[in-house]
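The values are calculated or read from the model by the stated rules, or taken from the named source; none is laboratory data. The model shown is predicted, which means the values in this text are computed figures rather than measured ones. Please note: Cβ atoms are built from the backbone with ideal geometry, for glycine as well, and neighbour counts cover all protein chains shown. Note: areas computed on protein heavy atoms with side chains; ligands, DNA, RNA excluded. Shrake-Rupley method; radii C 1.70, N 1.55, O 1.52, S 1.80 Å.
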Amino acid sequence: MKKDILFISAIFASLLLFSCNETKDDNPVLNINPDSETSLYQDFLNKPEMANQMIELTQDNAEGYLHLTCSQPDYGFAAVASYSVELSYSSDFSTPVAPEAPAAVTLKSQFTNCAEINPNNDDVANAICKMLGLTMDSTFPVMYDGPLYVRLISNIYNMEGILVEGTTYTSNVESFYRVSVGYMAASIPDIPVNIYLPGGMNEWKFDDEKWQFFSTDEKGVYTLKEKVSISGGTEFKVADPSWGTVNEGSNGAAFKVGTPYKMAHGGGNLSIGDDFYGTVTFDCGVTLPQQGVGDIPEGLTFTLTFTQD
């Protein structure tokens, strides 16, 4: 028994997590694609249970999900794979159905349980709005006169969260008969929100649009409109002008450029060690009201990222 535990630990450290009672033999070897210029394809996505039904996505069922299941690509043993869901209105995933719209959208959520691949309805609605080129002026509900195609992208990551090269598989394509959207789920970019990046670089003031956050085309993600310069040692926070609902700062850990930082409400000032020039974004997970239109919800979690240019 002791030898078995040591053996499993060695495999865990040199490759990645896997289930010891599901290995094919006593010496599992990860199948790696030797040709980095080609993609791996395999039939591992099952036909969805609701494939032949009419599906309506609304704000009332936004917290629900579409249910998918799959088997695992042949990695040589039962590895812990991560599955992403890709959607399109074209079976080849490369032909857009609306001008200047993406032909396909890969959802942000990833899944590791083959029996519970459950993309959120709101994320699916968001992708559909993007692929159909819908705007706030569109008339809802909207249903494209064709099936919604779906496939999975499978990857393996090492213990540091880095993709293991040669482990990306694309599944077979399945479809949902018809899917309608009853609301504008996609994020409209370039809309100002009442949140700023005050700090020593702007005398902690809220009167300069340069330091104000604007929406992006990714739901819940907001950015300063232009790249900014901040001198090393400068302190800053993320806040609204009242320092009330939004007053986000240090969580006790050091802030690092290039690494997403989960901020704490009411936390102390943050600072950077070296001079910075680049993009500043935060992700709060939800769509915020346009400045002057509504109140910002309380209790949100803000993740701040400085991306050096």
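Observations
- Helix 121-131 vs. the chain, principal-axis angle (Cα, 0 to 90°, nearest 10): 80
- Count Lys and Arg as plus one, Asp and Glu as minus one, and take only other residues whose Cβ is under 9 Å from that of residue 247; the net charge is then -1.
- Its relative contact order, with pairs defined as Cα atoms under 8 Å and 6+ residues apart, puts the chain at 15 percent.
- Share of carbon and sulfur in the accessible area of the chain stands at 47%, probe radius 1.4 Å.
- The gain in end-to-end length when the residue 259 to residue 37 segment is fully stretched comes to 77.0 nm, 0.36 nm per residue minus the alpha carbon separation.
- Subtracting the Cα-Cα distance of residue 144 and residue 112 from their residue separation scaled by 0.36 nm leaves 8.5 nm.
- Spin-label proximity, residue 98 to the stretch 135-150 - amide N less than 17 Å from point 7 Å beyond Cα toward beta carbon: 135-149
- The translational diffusion coefficient of the stretch 203-292, from Stokes-Einstein at 10 °C and 1.306 mPa s with a Kirkwood hydrodynamic radius over alpha carbon pairs, comes to 114 µm²/s.
- Modelled spin labels at residue 204 and residue 298, positioned 7 Å past Cα toward Cβ, are 2.4 nm from each other.
- For the stretch 142-159, 3J(HN,Hα) per residue [Karplus equation, 6.51 cos²θ - 1.76 cosθ + 1.60, θ = phi - 60°, Hz, x = Gly/Pro]: 10, 9, 6, 7, x, x, 9, 8, 9, 8, 10, 10, 9, 9, 10, 10, 7, 5
- Computed over protein heavy atoms with a 1.4 Å probe, the accessible surface of the stretch 177-286 works out to 44 Å² per residue.
- Cut-off 14 Å between beta-carbons: net charge of the residues surrounding residue 298, Lys and Arg +1, Asp and Glu -1: -3
- If both residues of a DSSP beta bridge must be in the chain, then about 90% of such bridges are antiparallel.
- GluC sites (Glu not before Pro), loop per DSSP, at most 15 other Cβ atoms within 10 Å - longest free stretch of the chain: 227-297
- Between helix 2-14 and the chain: long-axis angle, C-alpha atoms, 0 to 90°, nearest 10: 60
- Note on the chain: dipole from Cβ charges, positive end direction compared against 180, 152, 51; the farthest Cα belongs to 152.
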